[in-house]
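The values are calculated or read from the model by the stated rules, or taken from the named source; none is laboratory data. Model, not experiment: these values are computed from the prediction. Heads up, the Cβs are rebuilt from the backbone with ideal geometry, glycines too, and the neighbour counts pull from every protein chain shown. These area figures cover heavy atoms from the full protein model, side chains too; ligands, DNA and RNA do not enter into them. Shrake-Rupley method; radii C 1.70, N 1.55, O 1.52, S 1.80 Å.
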Amino acid sequence: MKKSILLLFSLFFMLPAVASNQSSLSHLDNILSHRKEYNNSKEQHINILKECITKYNVPEERLKIYELLYQEYYVYKFDSAQLYIDKALSLSRKIHNHYHTALDLIYKAKLFSIGGLYSEAAVLLDSIHIDQINKELRFQYYTTYFTLYSYRSDYCNDKYYKPKYRSLASSCLREAMQYLTRNMPEYNFYHGEYYIYVEPNDQKALRYYFKTIHEQKQASRYYAMACFAIASNYKKHNHPKQYENYLIKASISDALCNTRENLALQELATLLFEKGKNNIVRAEKYISISLEDAKFYNSRLRILEISQKLPTIVSAYENMMKMNNKKLKSALLLISLLIVICMISLAFIFRQNKQLTLRRRQLSENNDKLTTLNERLNVLNAALLDTNHKREGLAKLYIDLCAKYIDRLNKYKNMVKRKIKAHQVNELLSNISSSRLSEEDATTFITRFDKAFLDLYPTFIKEFNNLLNEPQIEKTKHLHSMTPEQRIYALIRLGVKESSEIASLLFYSPQTIYNYRSAVKSKAKNKETFEDDIMNLCTVIR
């Protein structure tokens, strides 16, 4: 009946029951893989505190720094914690601060209890006059005694001394509880301890432990200790999944606190080892980390405990690795044999299909070439059609221009006859000498020429500019017009190379044409072959 009630009570606080702890173990592995970062962060914090020692000349302030350094080292490094609590104790005695003297003695006794120096811890506590300290210190005084006797009881673990020290631990905890107030952060945790050691009641103990983990941060020592206590309760009542789950939680909390004096990870390694072969690798990893932490902390008791468990786990791990190596060798041999058979089979298949593959490749290549040639032919045909269309337009433009000039010649002829008959010779000479007609003719010719040429060679300006270091303007303000320089080289592209011929067509003097050609040629990238390069512009087939 008791077990059923306990199970229901625990389920109420746990939310959904844990079906598998694999995800929690993976989370723990991830945290343990970042132990170096947590360690660096703690060391930085400790170094900041150490730097503060030199900044404060007031003894009381330095005393507080020493005690803070002790707190940082308390479950991190035994020797350093002892060093700074000794400094704090020496300074408190020197300045006759009785409160801190008693507090530092309690701190040192608590440190010795963790380190397995039980007799030395008892001597320190016995040196404190209980009637001379306040209620807060009395609580710490009795809980330190409780911690001392609890550790000593676990260390003895026999039929005579274990019950004796457990009874002393219960008495000390009973005394401590009268000084415990609700505003203390350890209120719920020590109530849980009370219902384990003084008035055994697992249901009430679990209730207070669950309150502790709900109120405390995960990266706090009370959270870790409460999780470990819950795990111990579940182990006692034969709930292995919950036992494992809260051992993992305690181990995660210890890792986040950077606690090197820990028991949860060691217990978890033992549990995983006992569960079977699938967990041996992880168990070996956890027990090795536990031993590393114990050595770092310099905890003689933990090193001794781990040393008793380590050979069994390591031996099982080595046997498993040997078995895996044997299986791996057998698998490699079998795979090698299969590879040889496959290679022979593949060689035979390749030999049979070699000619067929070669012919298929040749046929595919020929088809690709034929496709490429057809595509190119289609492109060339389209380009040829486009060129013919443009040339037809050019022919029409030429005919229109000729018709216009024939019509103009007829008009000139009629005007000349009329003027001669009217004896208006002077006026006739004046009209013939007028430059307006020549400008109109030049403008008409140039406009028609630019349009016809750019229709026939639309990329001429762009390709022409590519031959120059300082490109000409690609287009003038009119869409189908060119600059004088571009127009000169357009005529050269058509085969009109003599400057005198070009000058006659464009209504310029030969010297002007020569100057334009020289100026453009000076900007050419390749002056020696510039005009030959002009002849190769805008070719349909290169």
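The distance linking region 478-516 with region 158-189 is 114 Å (Cα centroid to Cα centroid, whole angstrom). Label positions at GLU528 and VAL123, each projected 7 Å from the Cα along the C-beta direction, are separated by 10.5 nm. Between LEU385 and ASN465, the FRET efficiency estimated from the beta carbon spacing at R0 = 30 angstrom works out to 0.60. The distance separating the Cα centre of region 101-127 from that of region 329-344 comes to 67 Å. Under 18 Å of direct C-alpha separation, and excluding same-chain neighbours fewer than eight residues apart, LYS235 reaches these aspartates and glutamates: ASP154, GLU193, ASP202, GLU244, GLU267, GLU274. Full extension of the chain between LEU83 and SER26 yields a length gain of 16.8 nm, computed as 0.36 nm times the residue separation minus the alpha carbon distance. For region 196-275 versus region 52-69, the spacing of their alpha-carbon centroids is 35 Å.
In this structure, the residue pairs whose Cα-Cα separation is over 26 Å, taken from LYS55/LYS295; LYS162/LYS285; LYS211/LYS241; LYS42/LYS162, are LYS55/LYS295; LYS162/LYS285; LYS42/LYS162. Which net charge results for the neighbourhood of THR181, defined as the other residues with beta-carbon distances under 14 angstrom from its beta-carbon, given Lys and Arg at +1 and Asp and Glu at -1? My count for the surroundings of THR181 gives +1.
Sorting ARG493, ARG221, ARG93 by solvent-accessible area of protein heavy atoms yields ARG93, ARG221, ARG493, largest first, with a 1.4 Å probe. What shape does region 72-150 take by its C-alpha gyration tensor, where a ≥ b ≥ c are the square roots of the eigenvalues and a/c under 1.5 counts as rounded, a/b above b/c as prolate, and the rest as oblate? Verdict is oblate for region 72-150.
Taking a straight Cα-Cα cut-off under 14 Å and skipping sequence neighbours fewer than 8 places away in the same chain, the aspartates and glutamates within cross-link reach of LYS217 are GLU186, ASP254.
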